[in-house]
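So the structure is just underneath, and the comments pick up after that.
What follows draws every value from the coordinates through simple rules; no lab data is involved. Computed from a predicted model, the values in this text were never measured in an experiment. All Cβ positions, even for glycine, are placed from backbone atoms using ideal geometry, and neighbour counts span all protein chains on display.
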Amino acid sequence: MKKIVSLLLCLALLIGMTGAVAEDGATYTTLYSGEVTSLNYLTTGTTNEFSVAANIIDTLVERDAYGNIVPCLAESWEQSEDGLTWTFHLRKGATWVDQNGAYYAGVTADDFVTAAQYVLDAKNDASNAWILTDYLEGAEAYYESTELPGEGEAAPDPVDFETVGVKALDEYTIAYTTMEPIPFFLSMLDYSCYMPVNAKFLEEKGDQFGLATGNDTLLFCGPYILSEFKPQECRVFTKNASNWDAEHVYITTIKELYNKEASTLSPEMYLRGEVDAADITPTIAAEWLADPEKADLIHPVRQIGQYSYFFCFNFDPKFDAAYEPDNWKIAVNNENFRKSLYFGLDRLKAKTVIEPDNPSDLIWDSLTPASIVVYNGTDYADMVKALAEIPDLTANTEKALAARDAAKKELTEAGATFPVKILMSYNPSSSTWAEECQVVEQQLEGLLGKDYIDIVIEAGPSSGFLKAIRRSGNYAFLKCNWGLDYDDPENMTSPFKDGNNYNFFKFATQADLFDEDGTLTYFNLLNAAGKASTTDPEARYQAYAAAEAYLLNHAVAIPFGSDTAGYTASRLNPFEAQFAPTGLATCRFKGQHLLEKPMSTDEYYDAYDAWLEELTAQGK
């Protein structure tokens, strides 16, 4: 009871520090420029689509405003003495409704079993199936049994789903059994592949389930219903009055309007009161902060560290012949060539595009963000840095030019031609990405020479960018990101695993990247780390740190840091929102009030101080 009272008092304090809130029933309106390509939350892997799913489907657990894991669809849970089985007791009365809010069915344990079986059916191509196959008993064997055989191959032997560690013990009790004790298992459950789905509805819809054709391809059990969905026109979320926690859903309607020029138009529409939030570029922020009438309309962006940004080299180029993919493939498999860019990139100058005042605050020297795991007082990110050769914030001219000179000789002998064309794409829906690419182009070509490299900047599509560019290998050098799904460093390895659609590392041909067994050294390091027991955290973390450091020491990727920076305009208090550096917490609107007026910078820091004070009081 004391904790509940404390949280309520702190919430009141936060609200008081940010001014009055609008009455319940308020509508929050924004613009967006990137359309979703799927509503199928069980298979998706994109931030855009997560932001929809997180508000319409509840999970077993969720986070509070301080990052604590708290009950959601599960009222309580316990872990077996051997640490392998987690048993969750569902709350009675949670319901599925259709797009009109009409009752469809109750939420039961079978809905979680159905979801797991769907995710583990290889034919459904769930991007996050590995979160189940890597940890749940029998999940990998079942998944492999559902894969379609290649030409001339025999079909895999069938495997009974009963062998998978997901069981409905009764109507309101679901149990998950893991292959070994997983201390971070609860943090996984706030993720899309652990969301429930109703079996009857799934069967009715068949391959139409979750299609981005309308809002009738889904059911809803979360705080909101997707009451209107018109691709490239609008998305409207309406409070789900049937939700078990509807009393804590304060914004009744969320209206998202499509406009491909959203990043350009939203500031002026915000000033006119037509939208309640807007992207604010560094240039606009400087102008508004200098204007007494506009200075209080914006506040700093909250730093969470959920998404890690890094530059990838593509080892399997699939771009047009005009950009010389064969020549690029020779170059990218030369370590000195990669190191010339690794040490030559002025990360500080590139980051200044989105944060002109304190760009170094946003730059990380590891791929994994800080504070995801801290063991015995040591941050995992520091474990990585202790083992890696980290690039400077600014260009290391000596190392970059030495690598360039060595690469020129080696690449000439390998048959490459100069300058090496480097196709670098960007998403035009981002207000600063194009400018960032231009800074990188000018800086790297200026340092390394236009006779050595020719960076070609090209705009990708604003909708479906990931599919058209990164996942298709339609780039040479690209800024990529990864949102961490749960609280463990293993999660950060996903973009570089065998079969990844980030840098396609398995297609590397550089001889000394391989061990004697013919396997890439990095994959062997990952395998060794995966075998390190979760009951021996120090050995496990050191093993994963060694694998991550390997990527940096061989310039397979360049750490860049956070892209959350500068200022934003909003009538929301970010410290009311669910909080966590992993999972989908920060996508949710539940628990937030619409402020009567925009939050100012002073109000932001007052609210931040109050949040920190409560966090400290909780012993975090």
Revision key, fill the gap. Of the candidates Ser76, Tyr118, Phe184, the farthest towards the positive dipole end of the range 58-210 (Lys/Arg Cβ +1, Asp/Glu Cβ -1, centred on the Cα centre) is Ser76
**Study point:** Protection proxy ranking, peptides 426-432, 364-370, average beta carbon neighbours within 10 Å, highest first
**Key:** 364-370, 426-432
Review point. Any idea which of Leu90, Gly67, Tyr103 is furthest toward the positive side of the dipole for the range 53-117, if Lys and Arg beta-carbons carry +1 and Asp and Glu beta-carbons -1?
Key: Tyr103
Point to revise | Charged-residue dipole, Cβ positions (Lys, Arg, Asp, Glu), the chain about Cα centre, Debye nearest 20 | key: 900
Exercise for review: Add +1 for every Lys or Arg and -1 for every Asp or Glu among the other residues with Cβ under 11 Å from the Cβ of Ala94, and state the total.
Suggested key: -2
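Would you work out the charge dipole size for the range 58-210 about its Cα centre, treating the Cβ of every Lys and Arg as +1 and the Cβ of every Asp and Glu as -1, and quote it to the nearest 20 debye?
620
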**Study point:** Over the chain, relative contact order from alpha-carbon pairs under 8 Å, at least 6 apart, %
**Key:** 21
Revision key, fill the gap. Full extension between Ala511 and Asp291 adds, at 0.36 nm per residue less the Cα distance, a length in nm of 73.3 nm
Check your understanding: Glu151 to Asp320: extension gain in nm, 0.36 nm per residue of separation minus the Cα-Cα distance?
Key -> 58.0 nm
Point to revise | Extension gain from Ser80 to Asp382, taking 0.36 nm per residue of separation minus the Cα-Cα distance | key: 105.4 nm
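Could you calculate the FRET efficiency of Ala414 with Leu211 from 1/(1 + (r/R0)^6), where r is the beta carbon distance between them and R0 is 51 Å, rounded to 0.05?
In this case the efficiency is close to 0.60.
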Check your understanding: Which whole-number percent gives the relative contact order of the range 555-620, counting Cα pairs below 8 Å spaced six or more residues apart?
Key -> 30
Practice item. Mind checking which of Asn314, Trp364, Pro559 is farthest towards the positive end of the range 307-561's charge dipole, using Cβ charges of +1 (Lys, Arg) and -1 (Asp, Glu) about the Cα centre? Key: Asn314
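From the Cα gyration tensor of the range 190-336, with a ≥ b ≥ c the square roots of its eigenvalues, which class applies: rounded if a/c is under 1.5, or else prolate if a/b is larger than b/c, or else oblate?
Cα axes put the range 190-336 in the oblate bin.
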**Study point:** Theoretical FRET efficiency, 1/(1+(r/R0)^6), r = Cβ-Cβ of Lys123 and Glu247, R0 51 Å, to 0.05
**Key:** 0.80
Check your understanding: Asp405 versus Gln438, label points 7 Å from Cα toward the beta carbon: distance in nm?
Key -> 3.4
Point to revise | Inter-part distance where the range 472-495 and the range 150-198 are each reduced to a Cα centre, Å | key: 24
Practice item. Quick one: compute the contact order of the range 357-486, relative version, from alpha carbon pairs under 8 angstrom and 6+ residues apart, as a percent. Key: 21
Check your understanding: Between the range 227-243 and the range 407-444, what's the alpha-carbon centroid distance in Å?
Key -> 41
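Efficiency by 1/(1 + (r/R0)^6): what FRET value for Ala370 and Asp134, r their Cβ-Cβ distance, R0 = 22 Å, to the nearest 0.05?
0.40
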Review point. Using a simple spin-label model with points 7 Å from Cα along the Cα→Cβ vector, what separation in nm is obtained for Thr521 and Glu268?
Key: 5.5
Check your understanding: What's the center-to-center distance, using Cα atoms, between the range 511-556 and the range 561-577 in Å?
Key -> 35
Revision key, fill the gap. Charge tally for neighbours of Ser472 with beta carbon under 14 Å away, counting Lys, Arg as +1 and Asp, Glu as -1, is +1
Practice item. Kindly provide the GluC sites (Glu not before Pro) of the range 286-360 that DSSP labels as loop, not H, G, I, E or B, and whose Cβ sees at most 12 other Cβ atoms within 10 Å. Key: Glu293
Point to revise | Computed magnitude of the charge dipole of the range 352-422 (debye, nearest 20; Cβ of K, R +1, Cβ of D, E -1) | key: 400
Review point. Cα-Cα over 21 Å: which of Lys200/Lys239; Lys479/Lys506; Lys409/Lys450; Lys294/Lys597; Lys294/Lys590; Lys351/Lys409?
Key: Lys200/Lys239; Lys294/Lys590; Lys351/Lys409
Practice item. For n ≥ 4 DSSP H runs only, could you compute -39500 (n - 2.57) per run for the chain, divide by its residues and tell me the 222 nm figure to the nearest 500? Key: -9000 deg cm²/dmol
**Study point:** Backbone N under 18 Å from the Phe184 label point (7 Å along Cα→Cβ), restricted to the range 566-589
**Key:** 579-586
